[in-house]
Each structure stands twice: as C-alpha cells, then as structure tokens.
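Quick note: the coordinates plus some simple rules give every number you see, no bench work behind them. No experiment lies behind these values; they were computed from the predicted model shown. Here the Cβ is made from the backbone with ideal geometry for all residues, glycine too, and neighbour counts use every protein chain on show.
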Amino acid sequence: MTLQSTTPFPLTWLYVPGDRPEVVTKALASGADVVIVDLEDAVVPDRKDYARAATAELLSARPPVPVHVRVNALNTPQAEEDLKALSPLPGLTAFRLPKITSPVEIARVAERTAPAEGGAIPLYALLESALGVERAYDVATAHPALQGIALGEADLRADLAVRHDQALDWPRSRVILAARAAGLPSPAQSIYPDTKDLEGLAASSAHGRALGFLGRAAIHPRQLPVIERAYAPTAREIESAEETLEAAISDRGAQALPDGRFIDPAVVAAAHRTLSLANRPTRR
C-alpha cells in the first residue's frame, strides 16, 4: 500500500466528525493542510458504526487532502473495528491514537496495522492524561511508525483539575521536549474550543508558538486563517533569515549581524527552517 504523504510543515489540522460526511466533504475543501476524521469523542456511541462505514467509503479513494483518522480509545472494542476496517484503504494517511499512556500501545497498533508488503501506517499519539505526559519520551520512541505526539488538553485539564490555562504550560513543554528529543517534528498545538473567539485564538496561538509548537489543530474552518497567520513566518522574520543565510555564505568567518545577532550553526539552522516554512505549499 502506498501512503499519501503530508504537506511539508503542516500548520493547520482540522478535526471533523466522522458521522457527518457532508461536513467532511467541506473540510477537504477548507484549505486545511490535514483533515482529521474523528471517530472518537465527536461521535455518539450509537453512530460509531455509521461513522466508520462513512469514513471507509471516503478513504476507498485518495482524497485531495491528507486525511488522518482518530480512532476510538484502544481499550474499546470499536478501536479494533476501526483499525481493521480502515488500515487497508488507499486514502488513509495516518491513524491518530487517543488517550495513549504506554509505548506498548503504540507497538501493538503498529504491528496490527502493518501492510503485508512491508512498511507501516504512520501513527500519531495523543497524550491526554498525567500518566501519558509523564511517559511522553517513552511513547515518542516506542516504534518507527510513530510520526508525532501531541497533547489532548480537554481530557488533561479534567485529569489535572486545573482552572487556569497557564497551568498546562509545563505539560505542553514536556511534550514538545519529548518530541524533539525523539527526533520527531515539533507537535501541533491542541484545539482552541471557542470557535467564535478569534482574538483569543490568535493570542493563544502566539503563546503556543513561543513555547515551541508548530501549527495547531482546529475544530472549525474559521479558525484556520488565524492559526496560519500565527504560525507562518512574518515578513520581518523572513527578511532576517535571508540576511542570516547571506552572511553565512559570505565566507567571512564568525560575525555579528547589524541587529546584534551572532551567526553560528544554530542560527543558520533556524534561518533555514524559517524560509522552509515561508516557502511551504499552502492550500488556502
């Protein structure tokens, strides 16, 4: 099975309920870098089978946008049905695994879903509890099929009984560090639940970017442009990166730029990343 590759440096990840095919169709045309069809929390129990069947129909051909599927929690019978029904389909890009607390869970899913001809279906682990966050690095290094980790902040808030958003900054940083230490991409930030508060979304996304997240999950198309603006490099950042790389190839040795920054390999690497983000293909 040949799997569809994702957009380099995806910044927007749009969740849609799997039992609403008409909404999924709109999501595929929304401009999101990745569409995540949710079979778990967004679907009530008596519509789980319908959501799985509708998603299987969607993935029987290749959609125009990379599609991830968030399956049901692995300790439920629905999860096994999700994996069995969707693993062989050509339109599947990746599975997102909710409520992960152990690297053993990742290894079992990887083995369960490995295509007969070799390779592996990409997996993403959602850490949604204190135990999951505590084991973040172990999960991040559990299996080569794992392509990323991320926080599920709604469940984590309930588990920790926190009232203020700042209380989640430590687990956020913990997951970012675990991902990078494991050689995985910087995680995408968790959703902002108020779809009408775009100013709050912008401020929260700016804070997330400062912490080290790269991109963000959304639950409504109106959130996508706000996330894109928050995480895409600004004109000044692009100009600064170009100045850095121009100076770095001048063969004049170590030097300081006019703004006082000293050029070293880390600064050059950051400049390359900025320009790669600026030049990424977009769907908007």
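The amide H of I149, built 1.01 Å from its N in the peptide plane, has A125 as neighbours under 5 Å, considering only residues 5 or more places off or on other chains. On full extension, the segment bounded by V23 and F262 gains 81.1 nm, given 0.36 nm per residue less the C-alpha separation. Only DSSP H runs of four or more residues enter the estimate; each adds -39500 (n - 2.57), and after division by the residues of the chain the mean residue ellipticity at 222 nm equals -12500 deg cm²/dmol.
Counting every C-alpha pair in the range 135-270, the share spaced more than 17 angstrom apart comes to 67%.
Could you tell me the calculated FRET efficiency between R222 and T76, based on Cβ-Cβ distance and R0 = 41 angstrom, to the nearest 0.05? Don't skip to the answer; put the middle values down first.
Details: r = 32 Å, r/R0 = 0.78.
Efficiency for this residue pair is about 0.80.
For the range 273-278, backbone phi angles converted through the Karplus equation (6.51, -1.76, 1.60; θ = phi - 60°) give residue-by-residue couplings of 5, 4, 6, 5, 5, 5 Hz, Gly and Pro being listed as x. Rounded to whole Å and ordered largest first, report the semi-axes of the equivalent ellipsoid of the chain derived from its Cα gyration tensor (root of 5λ). Result for the chain: semi-axes of 33, 20, 20 Å. Taking amide H positions as modeled 1.01 Å from N, with prolines and chain starts lacking one, the residues under 5 Å from D38 and 5 or more places away or on another chain are V16, G18, R70.
3J(HN,Hα) along the range 47-54: 10, 4, 5, 5, 4, 5, 5, 5 Hz, from the Karplus curve 6.51 cos²θ - 1.76 cosθ + 1.60 with θ = phi - 60°, whole Hz, x for Gly and Pro.
Contact order, relative form, for the range 12-231: 17 percent (alpha carbon pairs under 8 Å, 6 or more residues apart, mean separation divided by residue count).
I want to check a number: in the chain, how many lysine pairs have alpha carbons closer than 21 Å, given a sequence separation of 8 or more or different chains? Mind showing how you got there, number by number?
Values: K26/K48; K26/K196; K48/K84; K48/K99; K84/K99.
Pairs that pass both the separation and distance tests number 5.
Expressed in nm to one decimal, what extension gain is obtained for the pair T234 and A210 from 0.36 nm per residue of sequence separation less their Cα-Cα distance?
Working: separation 24, 0.36 × 24 = 8.64 nm, distance 1.39 nm.
Gain on extension, T234 to A210, equals 7.3 nm.
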